[in-house]
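K.L.:
Pasting a structure here, questions to come.
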Amino acid sequence: LNLGADQKQVLSLATVRDRVAVVMRRNPEKPVMVWGDQNVPYGEVVVLMSALQDAGAPSVGLVTEPPP
């Protein structure tokens, strides 16, 4: 979650949802993007995207990068 100083800190899904909800209440047009890698099962990405929408993100984008 690119909020705060330690962007690589592991956060629970509930924490991510709560923090995003706070941001979305302040700035409802804030873009929400998800970065993943090949080690993250797609089902987990879907659960995350659903939680982000529940937190108030009107749309959630996936960032794609070509494989190394």
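K.L.:
Quick one: in the range 33-52, of everything that is open to solvent by 100 Å² or more (accessible area, probe 1.4 Å) and assigned to a helix (DSSP H, G or I), which residue is nearest to A21 (Cα to Cα)? I'd like the intermediate steps shown before the answer.
P.N.:
In the first step, residues of the range 33-52 are kept if they are open to solvent by 100 Å² or more (accessible area, probe 1.4 Å); the result is 35, 38-39, 42, 44.
If we keep only those that are assigned to a helix (DSSP H, G or I) too, we end up with 42, 44.
Details: Y42: 23, E44: 19 Å.
Looking at residues that are open to solvent by 100 Å² or more (accessible area, probe 1.4 Å) and assigned to a helix (DSSP H, G or I), I get E44.
K.L.:
Mind listing just one residue for me: the one in the range 53-68 that is closer than 13 Å to V20 by Cα and outside any loop (DSSP other than H, G, I, E, B) and, of those, farthest from the chain's Cα centre (by Cα)?
P.N.:
It comes out as D54.
The values are calculated or read from the model by the stated rules, or taken from the named source; none is laboratory data. Quick caveat: nothing in here was measured; it's all calculated off a predicted structure. For the accessible areas, the whole protein counts, side chains as well, though only heavy atoms, and no ligand, DNA or RNA atoms are used. Shrake-Rupley method; radii C 1.70, N 1.55, O 1.52, S 1.80 Å.
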